[in-house]
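I have placed the structure first, in the form of structure tokens, so that the comments after it can refer back to it.
The values are calculated or read from the model by the stated rules, or taken from the named source; none is laboratory data. Remember, predicted model here, so these are calculated numbers, not experimental data. Here the Cβ is made from the backbone with ideal geometry for all residues, glycine too, and neighbour counts use every protein chain on show.
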Amino acid sequence: MPGYEVETDRVENRLSLKLEGMLDEETAHEAAEATIEHAEELRPGFEMINDISEFKPLSQEATDAIERGIRGIAERDVGAVVRVVGDSVVGKMQFERVTGDAEGYHVATAESREQAERFLDRFREQPGGD
């Protein structure tokens, strides 16, 4: 079933977003708004895991809503983003196209949520990390 889940971990200063299925315009807009609201609860430099492993490509209208969410995250000073990718080559390409010109939003990819979390933990341990 299409949908989304947004979680905030204030201790880890981490935001998690999972998108599933093909979102319609209204649901994509809701996901973007919820993600921005959750990002506002975190400190600057927060980390984000964006799980699109079960995501299906969107209509142009839904893509526009997601792009607004991406820009909203970038404006709230996201530090590191890891995208969990799945089998949907078209969905992955769609997200790469949308995030390609979002200033302040640079993405690494992982094959699982666990791998994404390990990546962010290592990122934080590096000089200049959180």
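Selection of segment 47-56 for residues being under 20 Å from GLN115 (Cα atoms) and touching a helix residue (DSSP H, G or I) at 6+ places or on another chain (Cβ under 7 Å) yields GLU47, MET48, ILE49, ASP51, ILE52, PHE55. Contact annotation: residue pairs with Cβ atoms under 7 Å, 6 or more positions apart or on different chains, pairing a residue in segment 102-130 that is more than 12 Å from VAL81 (Cα to Cα) with a partner that is among the polar types (S, T, N, Q) and modelled with pLDDT of 80 or more, are ASP130/ASN13. In this structure, LEU23 does satisfy being touching a residue at least 24 places away in the same chain (Cβ under 8 Å), part of a loop (DSSP other than H, G, I, E, B), aliphatic (A, V, I, L, M) and touching a helix residue (DSSP H, G or I) at 6+ places or on another chain (Cβ under 7 Å).
Please count how many residues of segment 1-20 are in a loop (DSSP other than H, G, I, E, B) and not aliphatic (A, V, I, L, M).
First pass over segment 1-20, keeping only residues in a loop (DSSP other than H, G, I, E, B): 1-2, 10-13.
Then drop every residue that is not not aliphatic (A, V, I, L, M), which leaves 2, 10, 12-13.
Total meeting the criteria: 4.
Kindly provide the set of residues from segment 53-82 that are among the hydrophobic types (A, V, I, L, M, F, W, C) and surrounded by fewer than 19 Cβ atoms within 10 Å (Cβ to Cβ), ordered by number. Before the answer, list the steps.
Step one: of segment 53-82, the residues among the hydrophobic types (A, V, I, L, M, F, W, C) are 55, 58, 62, 65-66, 70, 73-74, 78, 80-82.
If the condition is that a residue be among the hydrophobic types (A, V, I, L, M, F, W, C) and surrounded by fewer than 19 Cβ atoms within 10 Å (Cβ to Cβ), then ALA74 is the only one that fits.
Residues in segment 1-28 that are of a type in the set (Val, Ile, Thr) and in contact with a His (Cβ under 9 Å, 6 or more places away or on another chain): VAL6, THR8.
Tallying residues that are among the aliphatic types (A, V, I, L, M), out of contact with any Ser or Thr (no Cβ under 7 Å at 6 or more places or on another chain) and modelled with pLDDT under 70 within segment 54-104 yields 4. Does SER59 satisfy the criteria of being within 18 Å of VAL107 (Cα to Cα), touching a residue at least 12 places away in the same chain (Cβ under 8 Å), of a type in the set (S, T, N, Q) and touching a helix residue (DSSP H, G or I) at 6+ places or on another chain (Cβ under 9 Å)? Answer is no for this residue.
Per this entry, ALA28 is counted among residues that are crowded, with 19+ Cβ neighbours inside 10 Å, in contact (Cβ under 8 Å) with a residue 24 or more places away in the chain, in contact with a helix residue (DSSP H, G or I) (Cβ under 7 Å, 6 or more places away or on another chain) and over 15 Å from VAL81 (Cα atoms).
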